[in-house]
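I'd like to ask some things about the structure below.
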Amino acid sequence: MQVNLLKTVVSSIAGQQASPIVDLLHDKKNVNEFLIAKKLKLTINQTRNILYKLGDEGIVSFTRKKDRKKGGWYIYFWTLNTGKGLIKFRDHLLGSLDGMKAQLNKRKTEKFFHCPNCQIESNEENALQYQYTCPECGEVMQLKDKGKEVENLEKEIAKLEGILAGVNQEIEVISKKEESVKQRKIRAEARKKSKERALKKKKKEREMKKGKKKVKKAKKKSFTASSFKSKLKKFLRR
Ligand SMILES: [Zn+2]
């Protein structure tokens with residue numbers, strides 16, 4: 001997975017200071033959290049906070065071990081997730097984008113009023129209820145210029161959509177890889193089964209041959225026994 005995309009994902013979840021975690025965990029497994037804290041120059045609690053946030057989004061997962069030296073405290077070992085973790089993150093991203101688009105739409109279509117003294121904001125319905133005066137100070141409320149807010153929202157949405165495109169691409173790469181691994185396994189399994197069938201067939205054939213030989217031998221034996229009997233009879237008749 002691309003390190004840069006992961007860094008964008010990580011900092012969008014846990015803030016800019018969290019992005020070096022990607023360098024520490026990339027291509028590794030079960031990294032000790034104390035090592036992560038030391039490398040990030042953060043306290044263990046700050047480090048855990050970041051890792052829990054990433055864990056909630058499925059970006060990292062942990063195993064833990066009891067540390068007998070530290071009186072039975074748990075030490076957590078962290079691993080970056082791709083695949084399933086990324087799918088979970090995509091769901092989260094889609095949810096945020098939906099919310100932001102709804103907000104943008106509201107900002108664009110509805111009127112908002114604010115008090116220049118208290119910065120209280122209200123929608124048109126509430127403003128009308130107070131006859132366009134501030135419920136705190138009585139100042140006349142002013143129509144809010146939403147240009148800046150709309151611009152910021154649009155910027156944020158564009159940024160998230162960029163991340164989403166990268167995440168989608170990565171998920172596709174991963175699922176293709178998983179699919180080819182699966183197909184390879186299926187083919188190997190089929191080869192193994194046909195080999196087993198061939199072996200069984202050979203064994204059966206061998207057993208049948210042996211069986212025939214036995215019958216022949218038995219016939220031979222019974223023949224010699226009966227010839228012996230007749231010889232004996234002849235001998236006794238003498
Ligand atoms: Zn006011």
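The values are calculated or read from the model by the stated rules, or taken from the named source; none is laboratory data. In this text the structure is predicted, and so the values were computed from the model without any measurement. Cβ coordinates were reconstructed from backbone atoms using ideal geometry, including for glycine residues, and neighbour counts include every protein chain displayed. Accessible surface areas use protein heavy atoms only, side chains included; no ligands, DNA or RNA. Shrake-Rupley method; radii C 1.70, N 1.55, O 1.52, S 1.80 Å.
Consider the stretch 96-125. How many of its residues are open to solvent by 40 Å² or more (accessible area, probe 1.4 Å) and either within 15 Å of the ligand (Cβ to nearest atom) or touching a strand residue (DSSP E or B) at 6+ places or on another chain (Cβ under 8 Å) (or both)?
Matching residues across the stretch 96-125 total 10.
Can you go through Lys221, Lys204 and tell me which one is open to solvent by 80 Å² or more (accessible area, probe 1.4 Å), more than 30 Å from Gly83 (Cβ to Cβ) and either modelled with pLDDT of 80 or more or not basic (Lys, Arg) (or both)?
Details: Lys221 fails: either modelled with pLDDT of 80 or more or not basic (Lys, Arg) (or both).
Only one candidate passes the filter, namely Lys204.
Output the residues belonging to the stretch 61-95 that are in contact with a strand residue (DSSP E or B) (Cβ under 8 Å, 6 or more places away or on another chain) and in a helix (DSSP H, G or I). Break it down stepwise before answering.
Step one: filter the stretch 61-95 for residues in contact with a strand residue (DSSP E or B) (Cβ under 8 Å, 6 or more places away or on another chain), giving 61-67, 72-81, 85.
Hit for the stretch 61-95 is Gly85, nothing else.
Do we find a residue being assigned to a strand (DSSP E or B), over 43 Å from the mean Cα position of the chain (by Cα) and farther than 27 Å from Lys159 by Cβ anywhere in the stretch 119-129? Steps first, answer last, please.
In the first step, residues of the stretch 119-129 are kept if they are assigned to a strand (DSSP E or B); the result is 121-123.
Next cut, over 43 Å from the mean Cα position of the chain (by Cα) only: none.
Scanning the stretch 119-129 turns up no residue that is assigned to a strand (DSSP E or B), over 43 Å from the mean Cα position of the chain (by Cα) and farther than 27 Å from Lys159 by Cβ.
Scanning for something among the small types (Gly, Ala, Ser), open to solvent by less than 90 Å² (accessible area, probe 1.4 Å) and in a loop (DSSP other than H, G, I, E, B), does the stretch 35-55 turn up at least one residue?
Residues of the stretch 35-55 among the small types (Gly, Ala, Ser): 37, 55.
Still in the list and also open to solvent by less than 90 Å² (accessible area, probe 1.4 Å): 37, 55.
In the following step, the residues that additionally are in a loop (DSSP other than H, G, I, E, B) were identified as none.
No, the stretch 35-55 contains no residue that is among the small types (Gly, Ala, Ser), open to solvent by less than 90 Å² (accessible area, probe 1.4 Å) and in a loop (DSSP other than H, G, I, E, B).
Right, another one. Please determine whether any residue of the stretch 166-176 is charged (D, E, K, R), in contact with a helix residue (DSSP H, G or I) (Cβ under 8 Å, 6 or more places away or on another chain), outside any helix (DSSP H, G or I) and surrounded by 12 or more Cβ atoms within 10 Å (Cβ to Cβ).
No; the residues of the stretch 166-176 include none that is charged (D, E, K, R), in contact with a helix residue (DSSP H, G or I) (Cβ under 8 Å, 6 or more places away or on another chain), outside any helix (DSSP H, G or I) and surrounded by 12 or more Cβ atoms within 10 Å (Cβ to Cβ).
Exactly one of (1) within 16 Å of the ligand (Cβ to nearest atom); (2) in the same structural domain as Phe62 (by TED's automatic domain parsing) is unmet by Tyr76. Its number?
(1)
While we're on this one: So if I check each of Gly58, Gly138, which one is in a loop (DSSP other than H, G, I, E, B), open to solvent by less than 50 Å² (accessible area, probe 1.4 Å) and away from the ligand (no atom under 16 Å from the Cβ)? Break it down stepwise before answering.
Working: Gly138 fails: away from the ligand (no atom under 16 Å from the Cβ).
Testing whether each residue is in a loop (DSSP other than H, G, I, E, B), open to solvent by less than 50 Å² (accessible area, probe 1.4 Å) and away from the ligand (no atom under 16 Å from the Cβ) leaves just Gly58.
Return the residue satisfying two criteria in turn: it lies in the stretch 141-165 and is hydrophobic (A, V, I, L, M, F, W, C) and within 16 Å of the ligand (Cβ to nearest atom), and of such residues it is surrounded by the most Cβ atoms within 10 Å (Cβ to Cβ).
Narrowing the stretch 141-165 to residues hydrophobic (A, V, I, L, M, F, W, C): 141, 143, 150, 153, 157-158, 160, 163-165.
Subset that is within 16 Å of the ligand (Cβ to nearest atom): 141, 143.
Values: Met141: 22, Leu143: 12.
The extreme case among them is Met141.
Any residue at all in the stretch 124-146 that's at pLDDT below 90 and closer than 30 Å to Thr8 by Cβ?
Within the stretch 124-146 (the criterion being at pLDDT below 90 and closer than 30 Å to Thr8 by Cβ), the answer is yes, since at least one residue qualifies.
Considering (1) in contact with a Gly (Cβ under 9 Å, 6 or more places away or on another chain); (2) open to solvent by 30 Å² or more (accessible area, probe 1.4 Å); (3) closer than 30 Å to Ser175 by Cα, say which one Leu86 fails and leave the rest.
Status for Leu86: all satisfied but (2).
Given the criteria more than 16 Å from the ligand (Cβ to nearest atom) and not assigned by TED's automatic domain parsing to the domain that holds Lys106, does Lys176 qualify?
Working: more than 16 Å from the ligand (Cβ to nearest atom): yes; not assigned by TED's automatic domain parsing to the domain that holds Lys106: no.
So Lys176 fails the test.
Checking Met141 against (1) within 30 Å of Asn4 (Cα to Cα); (2) in contact with a Cys (Cβ under 8 Å, 6 or more places away or on another chain), which single condition isn't satisfied?
Met141 satisfies every listed condition except (1).
If I filter the stretch 36-54 for residues that are among the hydroxyl-bearing types (Ser, Thr, Tyr) and in contact with a Ser or Thr (Cβ under 9 Å, 6 or more places away or on another chain), do I get at least one hit?
As a first pass, look at the stretch 36-54 and keep what is among the hydroxyl-bearing types (Ser, Thr, Tyr): 43, 47, 52.
So of that shortlist, the ones also in contact with a Ser or Thr (Cβ under 9 Å, 6 or more places away or on another chain) come out as none.
Within the stretch 36-54 (the criterion being among the hydroxyl-bearing types (Ser, Thr, Tyr) and in contact with a Ser or Thr (Cβ under 9 Å, 6 or more places away or on another chain)), the answer is no, since none of the residues qualifies.
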